[in-house]
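**Q** Sharing a structure below in C-alpha cells format, with a few things to ask.
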Amino acid sequence: MQIVTEEDYRRFVAEKQRVKIENVDVEIGRPWRIKEFGPPKDYKSEEFTVWSFPSRGDWATHSGNYRGNWSPYIPRNLITKYSKPGELVLDQMCGSGTTLVESKLLGRDVIGVDVNPDAIMVAQDRLSFDYNTLDRPRRVETRTFVGDARNLDLIGDEAVDLIATHPPYAGIISYSGKRILDDLSRLKLPAYIDAMRKVAAESYRVLKNNRYCGVLIGDTRKGRHYIPISLGVLQAFLSVGFILKEDIIKLQHKTMTTRQRWRGHSYDFYKIAHEHLYVFRKPALDEKTAPLKYSKKWW
C-alpha cells in the first residue's frame, strides 16, 4: 500500500485535469458546486432484502460517469446500520470513492484503497469538499491508498469497524486495461475466485470481532448460460470464517451497455437485472457458532 495524500492530489491536478477509467475520460480538479449534501427528503433506510434505486443518487459529489461504481444509497444503508459516527469504515476496492464520500457525510473515518492510481485521484477529487454541521464537532479523517485488496499491509489487525466494498467482476469490465497486473477485473473466473479468497482473508484480518463486511457482486452469462460469480465469492468469504448475515437482492436499473447488445426479443434466456449484496459477520471472540452452522462454511 502507498498512501496518496490531499497534497499528492493537488500536485497531480496542477498538471493533469483528466484521467481515464474504463476508457472514459473523467474530469478532476474543478471546483464542486454542490446543491445537496444528502439524499432526497423522502429517503428512508431500507427494511427488506430487496433493494431498488431507480434514481442512482447524485447528491454531494456523486457521479455515475463510468460503469461499475455503485449507487451511494448502498453504502449509506450499510454505514448507518452497521457503524456509528467516529468509527472506521474501509473500502479496499473503492474506485471513484462513493463509499468514502458517504462515510465523510455520515461522520465516519474512512480508508479507501484501489489498485488503480487514477481511480484514487478521482476518489480524492470527490472528497475535495467541506462539510460541517452543528452535530458533527469532530473532523472526519479520510485516507486513500494505492494498493492491492489482497495485501492491506498498512492496516493493522482488527482495526476496522465496517467494510463496504464493490469488487470488480471477473472479465466483465476492465477498469485499468492492461496497465495494472493486479487488477482483479482482468482475471479469468478461477483465478478471480482464488483472488477473492485472499481478499476475504485480508478482510477478516483487519475487521474487528463481531463486526460486518458488505460485498456487492453480480453474475454474468456466457454461451447463453448463467455463470454465478456471486456464488464463488460467497464461498470465498465463508471459507475464511465469515458468517452470512444477509443476502440482499439489489435490482439494476438503466444499466449501461455491456458486451451483449440486446436487439429484439428472440433470445432464449432472461436478462440479468440483479446483484447480490452479501453482508458477512466476523464472529465475536470465543463465540460458539455451532447454532449458525448453515450460515457459515458448510462443506
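The values are calculated or read from the model by the stated rules, or taken from the named source; none is laboratory data. This structure is a prediction, so every number in the text was calculated from the model and none was measured. Ideal geometry is used to build each Cβ from the backbone, glycine not excepted, and the neighbour counts take in all protein chains shown.
**Q** Look through the stretch 40-70, keep the residues that are at pLDDT below 95 and either of a type in the set (Ser, Thr, Tyr) or touching a His at 6+ places or on another chain (Cβ under 6 Å) (or both), and return whichever of them is surrounded by the most Cβ atoms within 10 Å (Cβ to Cβ).
**A** The extreme case among them is 70.
**Q** Another question about this same structure. Considering every residue within the stretch 187-198, establish whether at least one is charged (D, E, K, R) and farther than 24 Å from residue 154 by Cα. Spell out how you get there, then give the answer.
**A** Let us first name the residues in the stretch 187-198 that are charged (D, E, K, R), namely 188, 194, 197-198.
Pick out the ones that are also farther than 24 Å from residue 154 by Cα and you get 188.
Taking every residue of the stretch 187-198 in turn, at least one turns out to be charged (D, E, K, R) and farther than 24 Å from residue 154 by Cα.
**Q** Kindly indicate whether any position in the stretch 148-161 is under 12 Å from the mean Cα position of the chain (by Cα), over 25 Å from residue 58 (Cβ atoms) and part of a loop (DSSP other than H, G, I, E, B). Even if it seems obvious, please write down each step before you answer.
**A** Of the stretch 148-161, the ones under 12 Å from the mean Cα position of the chain (by Cα) are 149.
From the residues that got through so far, the ones that are over 25 Å from residue 58 (Cβ atoms) too are 149.
Within this subset, residues satisfying the condition of being part of a loop (DSSP other than H, G, I, E, B) are 149.
Yes, the stretch 148-161 has at least one match.
**Q** I'm checking my understanding of the structure. Among residues of the stretch 181-228 that are part of a loop (DSSP other than H, G, I, E, B) and over 16 Å from residue 92 (Cα atoms), which one is modelled with the lowest pLDDT?
**A** Applying the filter and picking the extreme gives 181.
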